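First the structure, in the form of structure tokens, and then the observations on it.
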There are 2 protein chains.
Amino acid sequence: MSAIKERRERERAQRHQLIITAARELAEAEGWEAVTTRRLAERVEYSQPVLYSHFSGKDAIVRAVSIDGFGELAAHLGRARSATPEPGQALHAVCRAYLEFATERPALYQAMFVMPTDVKFAHAETPPQLRAAFDEFVSCFRPDNARRELFAEVIWSALHGVAVLSDSGRIPPDTQDERLDFLIARLADTPS
Amino acid sequence: MSAIKERRERERAQRHQLIITAARELAEAEGWEAVTTRRLAERVEYSQPVLYSHFSGKDAIVRAVSIDGFGELAAHLGRARSATPEPGQALHAVCRAYLEFATERPALYQAMFVMPTDVKFAHAETPPQLRAAFDEFVSCFRPDNARRELFAEVIWSALHGVAVLSDSGRIPPDTQDERLDFLIARLADTPS
DNA sequence: GTAGGATGCCTAGCACCGCTAGGATGTCGA
DNA sequence: TCGACATCCTAGCGGTGCTAGGCATCCTAC
């Protein structure tokens, strides 16, 4: 009956999410190079081909993980912004929260912003979670600022550069705070 | 005799460089995922194990390509800086030249700044080519500026963020100039 | 209650990857 | 000329992402 079908779809949806979280946990524990379809299948206690009945391939699994990440990032930035009453300080707080997110969840961050993807920032098919995260930056500027989207984009990019060079060990992480202070002082101080 | 040995070493050095340039050409033509040891060996017309008599592994080949790239980047930035007589405009020119380099040689840029590496920016074992490139940024600030190294590091990071997000298609490349202008206006205007 | 059909899942295998062991081949010096 | 050495290739290892094909289970319809 339909009840049976519903139960099956429910179980299937659960397994779908199980694969995503297992992939994320494995990546956060051992890095994305350790996330192979075999190890992932073993972890969810199914055979390899089951993964392909849920996702078109490994890329699609990474993409699903990243979309979960966008949601969490949006929430994280949102908390930082709303916890800062003074509007002039909001962008400071959001920037700090962003780098915090990147350094504390490096594998998740990699899936979101480093690994090959077809996700776009500003596009009709942009996942709403990503748009929400972006809007946390945009909201830090006055609504009558015609270039607030551009500002947000550049600040995001700059933070990304700092985050990713630090994560890959190319710049020393111990002076990260100084870089952030300088960046904020230069970019975030209430523009036109 | 020693002449024979010399000839052999010369040939060996040529083959060493041949491998590096072949890897780079293949990467620039089809991306790094197309650079496999088999295809590379076929391209240099030797068998696979020959690669391993020159390099400890594929990573080492990528590293060699990236060090060549650092040299070219330093030269490219140096030309931009010395072609700009007015000191206040030097940083503008160097920033533009940097993004130019990144967008015109995306595969090379990836090897230098995105792919996993053990190369550090500011470190005792930093390749001199990389140090030279970094110094092109540093030289744009007055020598009595105590924080010029930090400034250079942050500007580099911000440019890297813009370059890499644009290259991976996450931000649209057609508004790159606007981003650069904003970034330069904010970061490059003669600081303290 | 049972036959028939659809569905779900696993075993086995494909072509490819980075890397290496071991042997054939060719070159050099005594 | 012959032994020692260096050079280089064939073949193969264990891994990768992904898929074809068959088996078993479950639901449906008679």
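Points worth noting:
- In the stretch B:86-102, the count of residues that are of a type in the set (Ser, Thr, Tyr) and within 14 Å of chain A (Cβ to nearest Cβ) is one or more.
- Selection over the stretch A:129-145 of residues that are touching a residue at least 24 places away in the same chain (Cβ under 8 Å) and within 14 Å of another protein chain (Cβ to nearest Cβ) gives a count of 5.
- Test: residue in the stretch B:33-56 that is away from DNA strand D (no atom under 12 Å from the Cβ) and more than 22 Å from the chain's Cα centre (by Cα): yes
Per-residue answers, yes or no, for (1) out of contact with any Ser or Thr (no Cβ under 9 Å at 6 or more places or on another chain); (2) part of a helix (DSSP H, G or I); (3) modelled with pLDDT of 90 or more; (4) not polar (S, T, N, Q):
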position: A:135; (1), (2), (3), (4): yes, yes, yes, yes
position: A:155; (1), (2), (3), (4): yes, yes, yes, yes
position: A:164; (1), (2), (3), (4): no, yes, yes, yes
position: A:176; (1), (2), (3), (4): no, yes, yes, no
position: A:180; (1), (2), (3), (4): yes, yes, yes, yes
position: A:183; (1), (2), (3), (4): no, yes, yes, yes
position: A:186; (1), (2), (3), (4): yes, yes, no, yes
position: A:192; (1), (2), (3), (4): yes, no, no, no
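- Residue count for the stretch B:110-128 satisfying the condition of being surrounded by 18 or more Cβ atoms within 10 Å (Cβ to Cβ) and more than 13 Å from chain A (Cβ to nearest Cβ): 0.
- Any hit, the stretch B:44-61, residues being over 25 Å from residue B:120 (Cα atoms), away from DNA strand C (no atom under 11 Å from the Cβ) and either within 14 Å of chain A (Cβ to nearest Cβ) or in contact (Cβ under 8 Å) with a residue 12 or more places away in the chain (or both): yes
- Set A:106, A:173: member being touching a helix residue (DSSP H, G or I) at 6+ places or on another chain (Cβ under 6 Å) and surrounded by fewer than 15 Cβ atoms within 10 Å (Cβ to Cβ): A:173
- Screening residue A:34 on (1) more than 16 Å from DNA strand C (Cβ to nearest atom); (2) open to solvent by less than 30 Å² (accessible area, probe 1.4 Å) shows it passes everything except condition (1).
- Subset of the stretch B:140-149 (residues that are in a helix (DSSP H, G or I) and over 20 Å from the mean Cα position of the chain (by Cα)): B:148
The values are calculated or read from the model by the stated rules, or taken from the named source; none is laboratory data. Values in this document were obtained by computation on a predicted structure and should not be read as measured data. Please note: Cβ atoms are built from the backbone with ideal geometry, for glycine as well, and neighbour counts cover all protein chains shown. Each accessible area value is taken on the protein alone, full model and side chains, heavy atoms only, with ligands, DNA and RNA left out. Shrake-Rupley method; radii C 1.70, N 1.55, O 1.52, S 1.80 Å.
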